[in-house]
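Contents: one structure, followed by commentary.
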């Protein structure tokens with residue numbers, strides 16, 4: 001599963017669930033190329049290399065509710081409380097802070113309009 005991390009409607013990076021490395025975070029190359037880019041956290045400074053689960057999960061887990069609220073939401077969604085990536089997928093548009101996390105959006109359809117038509121009325 002991959003979640004797009006955005007801030008102010010701008011893609012900042014990806015949070016990716018991997019089979020062998022767990023959850024990792026990496027900044028988007030276009031975001032890194034912007035001289036005005038800022039790190040989303042002091043614990044996740046701007047860099048090209050991905051951040052390991054150990055490095056990124058404490059920050060992203062902190063965007064979720066905690067305690068009893070997390071337990072209730074997890075139960076309602078039929079997810080384990082430790083399913084951080086799944087919880088972020090479900091709640092990522094309503095997390096604390098400025099970040100929005102959502103599933104990757106499908107690219108634009110691979111077609112183009114070949115012509116236009118005009119509606120005419122028959123007499």
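The values are calculated or read from the model by the stated rules, or taken from the named source; none is laboratory data. Predicted model, so just to flag it, every value in this text is computed and none were measured. Note: ideal-geometry Cβ built from the backbone for every residue, glycine included; neighbour counts use all protein chains shown.
A few comments on the model shown:
- Residue within the range 92-109 that is modelled with pLDDT under 85, assigned to a helix (DSSP H, G or I) and over 18 Å from residue 4 (Cβ atoms) present: no
- The residues in the range 61-87 that are touching a helix residue (DSSP H, G or I) at 6+ places or on another chain (Cβ under 6 Å) and touching a residue at least 40 places away in the same chain (Cβ under 8 Å) can be counted, and the count is 1.
- Qualifying residue in the range 34-42 (condition: over 17 Å from residue 1 (Cβ atoms), surrounded by 14 or more Cβ atoms within 10 Å (Cβ to Cβ), touching a residue at least 40 places away in the same chain (Cβ under 8 Å) and out of contact with any helix residue (DSSP H, G or I) (no Cβ under 6 Å at 6 or more places or on another chain)): yes
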